[in-house]
1. Please work out which residue is surrounded by the fewest Cβ atoms within 10 Å (Cβ to Cβ), limiting yourself to the stretch 128-152 and to residues that are assigned to a loop (DSSP other than H, G, I, E, B) and at pLDDT 85 or above.
2. Hey, among the residues in the stretch 42-71 that are of a type outside the set (Asp, Glu) and part of a helix (DSSP H, G or I), which one's surrounded by the fewest Cβ atoms within 10 Å (Cβ to Cβ)?
3. Can residue 24 be described as without any contact (Cβ under 8 Å) to a residue 12 or more places away in the chain, in a helix (DSSP H, G or I) and over 29 Å from residue 145 (Cβ atoms)?
4. Considering only residues that are more than 14 Å from the chain's Cα centre (by Cα) and of a type in the set (Asp, Glu), look in the stretch 18-34 and name the one that is nearest to residue 69 (Cα to Cα).
5. Let me spell it out: the conditions are (1) under 19 Å from residue 125 (Cβ atoms); (2) open to solvent by less than 50 Å² (accessible area, probe 1.4 Å); (3) not aliphatic (A, V, I, L, M), and residue 96 meets all of them except one. Which number is the exception?
6. Restricting attention to the stretch 13-31, and to residues there that are touching an Asp or Glu at 6+ places or on another chain (Cβ under 8 Å) and of a type outside the set (A, V, I, L, M), which single residue is farthest from residue 132 (Cα to Cα)?
7. Within the stretch 83-132, take every residue that is in contact with a strand residue (DSSP E or B) (Cβ under 7 Å, 6 or more places away or on another chain) and among the small types (Gly, Ala, Ser) and give me the one that is farthest from residue 9 (Cα to Cα).
Amino acid sequence: MSLPANSISIRDADENDAESILNLLEKLWAFEGEIPDAPMRVEDLRHLLKFDNQMRIILAQIGQQVVGLAQWGERVSIPLGGKNLWLWQLIVDEAHRGQGVGRALITELKRLSAVHGYKRIEFFVREDNPSAKNFYRSVEARPTQQKERWIIAIQEPV
């Protein structure tokens, strides 16, 4: 059951939110069964939130409790003809799913996209997460052509 929109507040994250953000990330990693090789430490995240202007995270709160987040950034695509919002993470605490939290975060991302002149919002969805796919369809997202995600891990210099 969805909560009234005015009971969910959306705000920018700051360095004081590092523990709440890591708590949500740890729940995501447990759900996905993928713990990063070098998980973020609270003090490192605090530093990034305070000093890195590329670290963009919005939080969803119910009362004083952080119940969701969206980490996003700008991505420029020459083939697509401009700037897009890249959604790195959208996480809603399991206890608050189905209450309008994810929808409130997406609504704010759409607003931010309009303000910044982004042409679209892009993101990956795990193939084995049908509930996420259903959610994104409910907010008018659609899948694009299939691509494999590849990564190159950068090791610290020796």
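1. First, the residues of the stretch 128-152 that are assigned to a loop (DSSP other than H, G, I, E, B): 128-129, 139-152.
With at pLDDT 85 or above added as a condition, the list becomes 128-129, 139-143.
Values: 128: 9, 129: 13, 139: 14, 140: 8, 141: 17, 142: 6, 143: 9.
The qualifying residue surrounded by the fewest Cβ atoms within 10 Å (Cβ to Cβ) is 142.
2. The first filter runs over the stretch 42-71 and keeps only residues of a type outside the set (Asp, Glu), leaving 42, 45-51, 53-71.
Among the residues that remain, those that are also part of a helix (DSSP H, G or I) are: 42, 45-51.
Numbers: 42: 12, 45: 21, 46: 18, 47: 14, 48: 15, 49: 19, 50: 12, 51: 9.
Applying the filter and picking the extreme gives 51.
3. Values: without any contact (Cβ under 8 Å) to a residue 12 or more places away in the chain: no; in a helix (DSSP H, G or I): yes; over 29 Å from residue 145 (Cβ atoms): yes.
For residue 24, the condition - without any contact (Cβ under 8 Å) to a residue 12 or more places away in the chain, in a helix (DSSP H, G or I) and over 29 Å from residue 145 (Cβ atoms) - is not met.
4. Result: 19.
5. Going through the list (1) under 19 Å from residue 125 (Cβ atoms); (2) open to solvent by less than 50 Å² (accessible area, probe 1.4 Å); (3) not aliphatic (A, V, I, L, M), residue 96 breaks only (1).
6. Out of the qualifying residues, it is 27.
7. So the residue we want is 117.
Residue-by-condition table, conditions (1) open to solvent by 60 Å² or more (accessible area, probe 1.4 Å); (2) of a type in the set (Gly, Ala, Ser); (3) farther than 21 Å from residue 139 by Cβ:
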{"residue": "40", "(1), (2), (3)": "yes, no, yes"}
{"residue": "73", "(1), (2), (3)": "no, yes, no"}
{"residue": "87", "(1), (2), (3)": "no, no, no"}
{"residue": "100", "(1), (2), (3)": "no, yes, no"}
{"residue": "104", "(1), (2), (3)": "no, yes, no"}
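The values are calculated or read from the model by the stated rules, or taken from the named source; none is laboratory data. The model shown is predicted, which means the values in this text are computed figures rather than measured ones. Virtual Cβ from ideal backbone geometry, glycine too; neighbours counted across all protein chains shown. These accessible areas exclude ligands, DNA and RNA; they are computed on the full protein's heavy atoms, side chains included. Shrake-Rupley method; radii C 1.70, N 1.55, O 1.52, S 1.80 Å.
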